[in-house]
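Report on one structure; see the data block that follows.
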Amino acid sequence: MLAKLREDEPDPAPVAAAKPSVVTTTVAVLRLLASTERPIGVNAIARELSLAPSSCFKILKHLHAEDFVDFDTLTKGYSLGSGAISLARNALDPLKAFSIVRPRLEQTASSYSMAIGFWRRVRGARIVLAGFIEGDSPMRIHMSVGQRLPMLMGAVGRAIAGELDVPEQDLREEFGRLRWQVPLTFEEYLAQVREARTQGFAVDRDNFATGVTTVAVAIRDANGAVRYGFSGIMFSGQHDAETIARAGQDFIALADWASSRLIAA
């Protein structure tokens, strides 16, 4: 795969003492509980996962003891517990980068009446929304924290591609995998990446989502690695080109401020 785009965290060290069958089954139980809307009983879980009820109960008992699942005494059903929620939050932003930049992002969101997303690069040439601030506009745009996208998607993807100076052939290969609400040609995308590299911020007008314009920058951590990005999200037509450019410049200044403060991965 493309080395320039796969500059991700190192692979985790193998856990020699783990029993793959137990680990796999436990993960399957947690995933099933995460996908259900209400508590589910041990027999139903066992049937769904083709497990022996006794084995399923033992796993649930251990998970309950560690607060990874909750047990409803009325329905006799299990659901995800606070331990799992805490782990999920930490996985989204293990270095607590969003908490560092959040006050500044809130000020910027208020100044421009826009929403702002805080993105983190993760494995597989993808980005995850690690934090989100809603604007104070009467009509608001919302995105779900935890959402994952291909790394080159949207304005933040153009900004990251520009900051990494990804070779044209590698961009072309990855671009073929992207899906846009309003499609654009690779030549248009390439020109916008080059523009982002020159001016320091990128803009997406309606391509990622119809009726939505985003302005974004890529952010380097304290070691100089491109690990994060900001994207300001607004309705198309909400601001003129001059205001969007001014927001882009403010984002550049904010990225420079954040870079030295974000702990290296």
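The values are calculated or read from the model by the stated rules, or taken from the named source; none is laboratory data. Please read all numbers here as calculations on a predicted model, not as lab measurements. Here the Cβ positions follow ideal geometry from the backbone for every residue, glycine too, while neighbour counts run over all protein chains shown. Side chains included, ligands, DNA and RNA excluded: accessible areas come from the protein's heavy atoms. Shrake-Rupley method; radii C 1.70, N 1.55, O 1.52, S 1.80 Å.
None of TYR189, TYR228 is hydroxyl-bearing (Ser, Thr, Tyr) and over 21 Å from the mean Cα position of the chain (by Cα) except TYR189.
Is it the case that some residue within region 23-44 is acidic (Asp, Glu) and surrounded by 13 or more Cβ atoms within 10 Å (Cβ to Cβ)? Within region 23-44 (the criterion being acidic (Asp, Glu) and surrounded by 13 or more Cβ atoms within 10 Å (Cβ to Cβ)), the answer is no, since none of the residues qualifies. One residue stands out among those in region 97-129 that are under 10 Å from the mean Cα position of the chain (by Cα) and in contact (Cβ under 8 Å) with a residue 40 or more places away in the chain: the one that is surrounded by the most Cβ atoms within 10 Å (Cβ to Cβ), which is TRP119. In region 65-96, the qualifying residues are those that are at pLDDT 90 or above and small (Gly, Ala, Ser), and the one that is nearest to LEU32 (Cα to Cα) is SER79.
If we scan region 156-174, do we find a residue that is at pLDDT 95 or above, under 13 Å from the mean Cα position of the chain (by Cα), closer than 23 Å to GLY248 by Cβ and not aliphatic (A, V, I, L, M)? Within region 156-174, one or more residues are at pLDDT 95 or above, under 13 Å from the mean Cα position of the chain (by Cα), closer than 23 Å to GLY248 by Cβ and not aliphatic (A, V, I, L, M). Within region 130-153, being loosely packed, with under 15 Cβ neighbours inside 10 Å and either polar (S, T, N, Q) or at pLDDT 95 or above (or both) holds for SER144, GLN147. Within region 221-246, residues that are free of Cβ contacts under 8 Å to residues at least 60 places away in the same chain and within 23 Å of GLU134 (Cβ to Cβ) have Cβ atoms under 8 Å from residues that are surrounded by fewer than 18 Cβ atoms within 10 Å (Cβ to Cβ) and of a type in the set (Gly, Ala, Ser) in these pairs: SER236/GLY211, counting only partners at least 6 apart in sequence or on another chain. Looking across region 64-94, the residues that are among the aliphatic types (A, V, I, L, M) and either more than 30 Å from LEU262 (Cα to Cα) or open to solvent by less than 60 Å² (accessible area, probe 1.4 Å) (or both) come down to ALA65, VAL69, LEU74, LEU80, ALA84, ALA88, LEU92.
Hey, which of the helices (runs of 4 or more DSSP H) in region 26-141, taking only ones fully inside, have at least 3 residues that are of a type in the set (Val, Ile, Thr)?
Numbers: elements: 42-49, 53-65, 82-92, 97-112.
Result: 97-112.
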